[in-house]
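Since the structure comes first, as C-alpha cells, the remarks are kept for the end.
What follows draws every value from the coordinates through simple rules; no lab data is involved. Keep in mind that what you see is a predicted model, and the values were worked out from it rather than measured. Cβ atoms come from the backbone with ideal geometry, glycine included; neighbour counts cover every protein chain shown.
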Amino acid sequence: MSIVRKIFSVLTPIIILSVAIFMMMNRQQIIDEITLWQYKPSAEIVAIADRVKMSDIGRKMFYVSNPQIKSANEFNEDCRRVEKGNAILGCYNPSSRDIYIYNVTNSELDGVKEVTAAHEMLHAAWERLSASEKSHLSELLEQAYNNVKNKKLSERMEYYDRAQPGTRANELHSILGTEFANLGDELEEYYRRYFTDRSEVVKLHAQYQEKFESRENEAQKLSESLKVRKEKLNRELSQYSTDLADYNSRVADFNRRAGISGGFLSQSDFYSQRQALKAELSELNERRVNLNSEINSYNSDVLRLRELGVQIDELNKSLDSLEGAK
C-alpha cells in the first residue's frame, strides 16, 4: 500500500468524524439554511419584513419560521390562549418552529401585524441563542425593564409569570425589542442583529397603541370630571329646589297679604316687597338656565364617555381572534 493511500485511509475516518461533529454542533444552522433556501415568501410577508426594517439575519429568522397570516378560526386552532381574557395576536410554535399571525383587518390598527411579526421573529431568534447569551441578555433585559416599565407592562409581565412560567426573559426579549426605545447601548447594539432601524417597529407600535391610549385617557378624564360635576350638580339642584320652595312659600304669603287690608305697612312697603320678589325670581330663573346648561353639558359628556367605551371595545374586539370567529 502506498504512503498516500495509508495516509488517506487514516484521515478518512477522522474527516468523517469531524464532519459529523460539525453537523451535530451546527444542526439548527444547517436546517435553517436548507429551509431558507427552499422557502419562497409571499409578497405580503416580504412587505412585513420590509416595513419593520428587518436585517438579513432578522429576515432569515422570520422566513425560516414559515410565517403565516391566519384568519380567526385558523389562528385559534394554531395559537391557543392560556387565559380567556387575554387575547393574543401571534405565536411562535417551538415544536414546528412556525410563526402564526392573526389577520387584524381594522384599518385604525395599521401596523399591528408587522409588530406582531417582529415580536414572534425575536422568539425564533431567542430559541437559537446559546445558554450563555441568554443568561447575559436576561440581565440586560431586566435592567432595561426596570427603566421603562409602567403599569401596563408590569401587569403584562405578571400575566406571563403566571400563565407561562419560565418565559419571562424570552418575552421581555420580544416585547422590549419591538415596543420600547432607549434600551441601553449594549441592548441597542444587540438588536441591530435583527433590525437595520429598530425605531421603525417601535414607531408602528406607538402608532396603533395611541388609538387606545388617546381614547382611554379621554375616557378617564371624562369619568373623573363627571364624578365631580355630578356631585356639584346634585348639591346645586338640591339648593335650587330648597330656594325655589322657599320663594314660592313667600310669594304665596305675599299674595295672601295683598288680598287683605293691613297686609302691608304702606303702599311703598307693598311695592318694595314685590320688587324684591321679582328680583329674586329673576335670579332663580338665571340659576335654572345655568343649571339646565350644566345638565345638558353633563349629559353630552356622558354620551361621549359611552361612545368612547364602545370605540375602545370595538378596538379590543378587533384584536381578539375569539371575537373574530363569532
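Beyond 12 Å, what percent of the Cα pairs of the stretch 145-196 remain? Taking all Cα-Cα pairs of the stretch 145-196, the fraction more than 12 Å apart is 66 percent.
In the stretch 117-232, the alpha-carbon atoms span a convex hull of 123 Å³ per residue. Could you compute the net charge surrounding H119? Neighbours are other residues with a C-beta less than 13 Å from the C-beta of H119; K and R count +1, D and E count -1. Around H119, the surrounding residues sum to -1. Taking amide H positions as modeled 1.01 Å from N, with prolines and chain starts lacking one, the residues under 5 Å from D98 and 5 or more places away or on another chain are N93. Projected onto its three principal axes, the C-alpha set of the stretch 271-326 covers 77, 13, 7 Å, listed from the longest axis down. The three principal axes of the Cα atoms in the chain give end-to-end lengths of 153, 39, 32 Å, sorted in falling order. Between L284 and Q68, what FRET efficiency comes out of the Förster formula 1/(1 + (r/R0)^6) with R0 = 51 Å and r the beta carbon distance, rounded to 0.05? E between Q68 and L284, to the nearest 0.05, is 0.15. Packing here is the average count of other Cβ atoms within 10 Å per residue, and on that basis the peptides 53-63, 190-200, highest first, run 53-63, 190-200.
Where both bridge residues fall in the chain, DSSP classifies roughly 60% of the beta bridges as antiparallel.
Judged by the mean number of other Cβ atoms found within 10 Å, the most tightly packed of the peptides 251-262, 287-298, 205-216, 99-110 leads the ranking 99-110, 205-216, 287-298, 251-262. Rounded to the nearest Å, what's the spacing between the alpha carbon centres of the stretch 122-186 and the stretch 65-117? Just the number, please. Computed from Cα coordinates, the inter-centre distance equals 19 Å. Rounded to the nearest 10 degrees, the angle from helix 131-148 to the longest Cα principal axis of the chain is 20 degrees. Phi-derived couplings, Karplus 6.51 cos²θ - 1.76 cosθ + 1.60 at θ = phi - 60°, listed residue by residue for the stretch 116-122: 4, 4, 5, 4, 6, 4, 5 Hz, with x used for Gly and Pro.
Here is the tail figure for the stretch 186-228: Cα pairs spaced more than 13 Å apart come to 66 percent of all pairs. The mean of 1/r over all pairs of different alpha-carbon atoms in the stretch 181-319, once inverted, gives a Kirkwood hydrodynamic radius of 21.0 Å.
Residue-normalised convex hull volume from the C-alpha trace of the stretch 39-113: 109 Å³ per residue. When the alpha carbon gyration tensor of the stretch 204-244 is reduced to an equivalent ellipsoid, the three semi-axes, largest first, read 39, 5, 4 Å. Full extension of the chain segment joining D110 with L244 gains 42.6 nm, where the gain is 0.36 nm per residue of separation less the Cα-Cα distance. Translational diffusion of the stretch 162-220, estimated by Stokes-Einstein from the Kirkwood radius over alpha carbon pairs at 25 °C in a medium of 0.890 mPa s, is 187 µm² per second.
List the pairs from K40/K70; K53/K151; K152/K203; K60/K113; K152/K211 whose alpha-carbon separation is above 20 Å, in the order I gave them. Flagged as over cut-off: K53/K151.
Normalised by residue number, the volume inside the convex hull of the Cα atoms of the stretch 88-160 is 115 Å³ per residue. Lys/Arg Cβ at +1, Asp/Glu Cβ at -1, dipole of the chain taken about the Cα centre: which of A252, A124, S268 is farthest positive-ward? Ranked along the dipole, the leading option is A124.
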